[in-house]
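The values are calculated or read from the model by the stated rules, or taken from the named source; none is laboratory data. Keep in mind it's a predicted model, so treat the numbers as computed, not measured. Methodologically, a virtual Cβ is constructed for each residue, glycine included, from the backbone with ideal geometry; neighbour enumeration extends over all protein chains shown. All accessible areas refer to the heavy atoms of the entire protein, side chains included, with ligands and DNA or RNA removed. Shrake-Rupley method; radii C 1.70, N 1.55, O 1.52, S 1.80 Å.
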Amino acid sequence: MTGIFSISVLTCKTLRINFVRTAPVRILVFIVMLTLAGTVCAQKKATEHNLARQILAERGEIEIRFVKTADLKMEFLTGIMSIDRIHHDTLYAYLNEDGFRKFLSQNIPYEILLAPALKRPSREVDSNRVSWQTQYPSYSRYVALLDSFAIKYPGLCYLTDMGTTPGGHKMLAMKISSPSGSDNNKPTVLLTSSIHGDEPLGFVLLLRLIETLLNQYGNSETITTLVDKVEIWINPLANPDGMYFVSDSSVFGATRFNANHVDLNRNFPDPVKGEHPDSYDWQAETVAMMNFMKSNHPDLAANLHGGTEVVNYPWDSHMKLHPDDAWYRMISRQWVDTSQAYSYPGYMTAEDNGITNGYSWYVIYGGRQDYVNYFLHGREVTIELSNDKMPDESDLDDYWKYNYRSILQYIEQACTGISGVIRDSLTGMPVKAMISIAGHDMDNSHVYSDSTNGYYCRLAGEGNYVIDISALNYASKQISVEVRNGLLTRTDIKLSPQKQFLLFPNPFSNVLRINISDPGKDLQLEFMDLSGRRIKHMTRKVTAAGRQELGIEGLAPGMYIIEFTYGDIKKRETMLKIR
């Protein structure tokens, strides 16, 4: 009996077999075809693995796409790869060599993706003929551009080098602030971009922002007022080794990771996973950024990315909402609404029409956003500017038009809340104190005043608040504050040292001392022996603030219970009298 059959391989696991034969022949044909399909799939898999290893050898990273099955735990995946985005059940992620080896051990089907930076033509930037506003600049042109701004506007801006990367590039940041204003009593805003080197759109936008702020100061009322009220720091390029991975002359071939093949946005201390959530040492870029931020204390920050179009707000690392969740959603929505008003239909509509809570989107550990919010007590969001990580240069001007109003409005968010200076009531010296909104702040959402100048800034939406102010060795205070939109309610505070209500020294000889900040009352002291029997009584009128010295005469050496009363303050101390 004769017959025919045909086979087509749909996937490495699926065959279509059409045949007409006797049962024994059908079984034989089926076994042969399975063997053939297995051989083809094994060869295909080996080819994919070899290609992946070649890419890893050349670039130190590989981008893949795969389908997440129910048995795959996100905790495991986030520990071995840098997830870039999630679409339904499909994950897009980057892996270095170590992560790829661990990924292969799970036998997960995957597809290798062409890196966005390799889709661009390789060419050197013509710095003499092409406007830098509409191109991705070379490294030398970037440095020269910031140098030229610093030279042209010496009183308005200041250029600093945060540190040098393993690849020998500078991590540059420019401060923009009014020439006449005191930066000590201003909120600080930090804007950075391209912590992933293959996401250069924000790099160009922040360069244009620097130029606009400097050029328009004194010409635009909006920008002049903004620069006068806020100290603005801009770091256009946080990962220069990744962006200029192939050559300093072009962003062609840029990588997400740094020169050591580490994702810098997974390399910061994390509130859930601790100091080294990615198991790597802090990279030079991470250390430089942490030192810079600790020195400048940003009250508000933003980290610009690319790859989708959404504003992502805290937390990234755990599902508990940030105490300021409503405020974060408000400022995120304002960015998106403004960008949508000046762009094409459909722009910035990912997730919840352009905004998302980080954890509900996908969890990451070691991100800079959670580091700033938790460890530095600042406020930071992550802004994804475009679905295309590296838009065509002909579109750069359009993206600037879509977003520059949003950027300015975001900086203005630092101008609504409570600010002031906290000082010692006796000496007038600045005090490092904790400022928290009563019944509201938790998970490190409180802020601190600066120990060098006493300045603090607690950003908040419009409303009425009760704030608690406390500091070590000082009496706490609680005050009511009204916040209006667009205004920082100035609230200067004097804290009284708690040691004013402590007798010292202990042991003492013939003199006791106590600090009193509010004169005008009688200070009374009762000396008792350890059985409670009264030995001596003293009363003294306090006429001036400061240290009060009390002569102790006729009191034999020994241990005493001393009860002192000043106004509504009453305390007991056990003290030793010597000599």
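Note on the chain: dipole from Cβ charges, positive end direction compared against TRP400, SER419, TYR139; the farthest Cα belongs to SER419. Placing +1 on each Lys and Arg Cβ and -1 on each Asp and Glu Cβ, with no other charges, gives region 474-575 a dipole about its Cα centre of roughly 160 debye.
Which one, LEU321, ILE64, GLY367, projects farthest toward the positive side of the charge dipole computed for the chain from Cβ point charges (K/R +1, D/E -1)? Going by the charge dipole, the pick is LEU321. Maximal additional length on extending the LYS477-HIS276 stretch stands at 68.6 nm, based on 0.36 nm per residue less the C-alpha distance. A dipole drawn for the chain from +1 and -1 charges on Cβ atoms has a positive end, and of LEU213, PRO391, MET162 the residue lying farthest that way is MET162. A straight chain from MET330 to ASN453 at 0.36 nm per residue would run longer than the Cα-Cα distance by 41.2 nm. The gain in end-to-end length when the LYS152 to ASP392 segment is fully stretched comes to 83.4 nm, 0.36 nm per residue minus the alpha carbon separation. Under the membrane-span-like helix rule (DSSP H runs whose alpha carbons stretch at least 30 Å along the helix axis, mean Kyte-Doolittle hydropathy -1.0 or higher), the chain yields 23-59. Note that region 370-495 carries a Kirkwood radius of 16.6 Å, evaluated over its alpha carbons pair by pair. Classification of region 174-272 by its C-alpha gyration tensor yields an oblate form. The axis ratio a/c (a ≥ b ≥ c) is 1.5 or more, and b/c is at least a/b. Within region 346-399, the percentage of alpha carbon pairs spaced more than 12 angstrom apart rounds to 73%. Inverting the pair-averaged 1/r between distinct Cα atoms of region 201-352 gives 18.2 Å as its Kirkwood hydrodynamic radius. Spatially, region 70-111 and region 185-225 are offset by 35 Å when compared through their Cα centroids. Rounded to the nearest 20, the size of the Cβ-charge dipole of region 99-245 about its Cα centre is 280 debye, with Lys and Arg at +1 and Asp and Glu at -1. Cross-link partners for LYS102 among the lysines, with Cα-Cα distance under 24 Å and sequence neighbours closer than 8 places in the same chain left out: LYS13, LYS44, LYS45, LYS68, LYS73, LYS273. Region 553-579 and region 263-334 have Cα centres lying 53 Å from one another.
Could you work out the percent of alpha carbon pairs in region 517-579 separated by over 13 Å, rounded to a whole number? Looking at region 517-579, the distances longer than 13 Å represent 65 percent of pairs. The average projected area of the chain, computed from the convex hull of its Cα atoms over all directions, is 39.2 nm². Charges were assigned to the Cβ only: +1 to each Lys and Arg, -1 to each Asp and Glu. The resulting dipole of the chain about its Cα centre is roughly 1360 debye. Considering helices alone, the calculated mean residue ellipticity of the chain at 222 nm is -8000 deg cm²/dmol, with DSSP H runs of length four and up weighted by -39500 (n - 2.57) and normalised per residue. Looking at the chain, send over the antiparallel percent of its DSSP beta bridges, to the nearest 5. Of those bridges, close to 75 percent are antiparallel.
The count of lysine pairs in region 405-555 whose Cα atoms are under 17 Å apart, excluding pairs fewer than 8 places apart on the same chain, comes to 6. When PHE76, PHE100 are compared by accessible surface with a 1.4 Å probe, the order from highest to lowest is PHE76, PHE100.
Taking the average, over residues, of other Cβ atoms within 10 Å as the packing measure, peptides 524-531, 512-519 rank 512-519, 524-531 from highest down.
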